[in-house]
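Let me begin by presenting the structure, written as structure tokens, before commenting on it.
The values are calculated or read from the model by the stated rules, or taken from the named source; none is laboratory data. This is a predicted model, so every value here is computed, not measured. So basically every Cβ, Gly included, is an ideal-geometry build from the backbone, and we count neighbours across all protein chains shown. Accessible surface areas use protein heavy atoms only, side chains included; no ligands, DNA or RNA. Shrake-Rupley method; radii C 1.70, N 1.55, O 1.52, S 1.80 Å.
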Amino acid sequence: MSLRKPATQGSNGRESHETDQKHAAEAEYQGHFSLVRNFRLADLVTIANGICGSFSIFMSAKYLLTNDEDYLWSALAFPLAGLLFDFLDGKVARWRNESSMIGQELDSLADLISFGVAPALLAFVVGFRTYLDTVVLTGFICCGLARLARFNATVASIPKDAKGKAHYFEGLPIPSSLGLVAILSYWAKQGWIEGKQGIPWGTITLWGKQGGDGELHTFSIVFALWAAAMVSKTLRVPKI
């Protein structure tokens, strides 16, 4: 999650800046194909992040249809490629001294695809398929969505250094989900996935019979805790 919003000071300053941005956006995006014509280089890099997440989703679907592990490995690799573009877009924006409202929103939407939806689907693909597993994974995506919305709303109020770089993130940044993707990749390499040896740690049954709606994979608790950490207000992760 790159910082692509300029720093502002004071509530009046923020309101004035937001008003100026709104008026600038209204004037900028007029006419046919104005959206495409006004893309900055950093915006195109951000879209590449979203493309990587989308390809991961489609490769996961292809694996479910064909059981071809080449598709699974592609699905596991694309979010990492998305992270490279996520790091790069902020650097390009600062290098070009370009910032736009649409770029800020694109950044969050691309992150949701690559680091929210794609990892959750990967978890489903490797074997987190019980009813409660899908509830947890849906919560994981929604917490990522809320985390990104809060970031957009509060980034201007977070303390920054002289270069405008934030001192910390509130809650785990959503790209941290690649840690979970790394674990899933290791499991895939070891054969600890659905259709082979099965997911480590097995399942627990919270109600009903085994294999019913009350069954949950134990590792799903890690996804739930990760989701909670993303929306945490008190957890502050230093920005490197």
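Descriptive notes on the structure:
- Which listed residue, of I199, I204, I183, I141, is closer than 27 Å to N67 by Cα and in a strand (DSSP E or B): I204
- Hits in the stretch 85-101 (condition: modelled with pLDDT under 85, open to solvent by less than 40 Å² (accessible area, probe 1.4 Å) and assigned to a helix (DSSP H, G or I)): D89, G90, V92, A93
- Condition check for V136: part of a helix (DSSP H, G or I), modelled with pLDDT under 95 and buried (at least 17 other Cβ atoms within 10 Å of the Cβ): no
- Selection status of W187, modelled with pLDDT of 95 or more, among the aromatic types (F, W, Y) and open to solvent by 30 Å² or more (accessible area, probe 1.4 Å): no
- Residues satisfying the stated conditions in the stretch 215-228, i.e. in contact with a strand residue (DSSP E or B) (Cβ under 7 Å, 6 or more places away or on another chain) and surrounded by fewer than 16 Cβ atoms within 10 Å (Cβ to Cβ): T218
- Pairs, first closer than 15 Å to S74 by Cα and open to solvent by 10 Å² or more (accessible area, probe 1.4 Å) in the stretch 106-122, second modelled with pLDDT of 95 or more and assigned to a helix (DSSP H, G or I), C-beta under 9 Å, six or more apart: L121/S56; L121/I57; L121/S60; L121/A61; L121/A75; L121/L137
- Boolean, L172 is part of a helix (DSSP H, G or I), touching a helix residue (DSSP H, G or I) at 6+ places or on another chain (Cβ under 8 Å) and not basic (K, R): no
- Verdict on S56 being under 15 Å from the mean Cα position of the chain (by Cα) and either over 30 Å from Q210 (Cβ atoms) or touching a residue at least 60 places away in the same chain (Cβ under 8 Å) (or both): yes
- Residues satisfying the stated conditions in the stretch 62-82, i.e. of a type outside the set (G, A, S), surrounded by 20 or more Cβ atoms within 10 Å (Cβ to Cβ) and in contact with a Phe, Trp or Tyr (Cβ under 9 Å, 6 or more places away or on another chain): Y63, L72, F78, P79
- Taking the stretch 213-240 as the range and being in a loop (DSSP other than H, G, I, E, B) and touching a residue at least 60 places away in the same chain (Cβ under 8 Å) as the test, the residues that pass are D213, G214, F219, S232, K233, L235, K239.
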